[in-house]
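Report on the following structure.
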Amino acid sequence: MALQLPDSKALQMQKQTPAYRLPWLLLTGILVLAAGRLSASDDLQPLWPSYAPGESTLEAGRTLPFRETEIPRVTRVS
């Protein structure tokens, strides 16, 4: 079985491909970051019109302090 070398046109396309990929990757990354910034908001949106299923209050939870002996730390909410 003989080894076939690629023709010159295939070699040129292989050389050009990375040059075209970088701008598209950068543009895609910028668009993804911009979309994330536009959709992020700090205001809370209620999921249910009144109480969540199984709840009896609208009060937000309180974050408990970390335990010193715990690795990795666990966030607990009461």
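Read-outs throughout are calculated quantities, based only on the coordinates presented, and are distinct from any laboratory measurement. As the structure is a computational prediction, the values presented were derived from the model and not from experiment. Please note: Cβ atoms are built from the backbone with ideal geometry, for glycine as well, and neighbour counts cover all protein chains shown.
Key figures
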quantity	calculated
Neighbour net charge for THR63 - beta-carbon separation under 14 angstrom, K R +1, D E -1	+3
Inter-label distance for TYR51 and THR28, nm, one decimal - labels placed 7 Å from Cα along Cα-to-Cβ	4.8 nm
Estimated inter-spin distance, LEU58 and THR75, nm [label 7 Å along Cα→Cβ]	2.4 nm
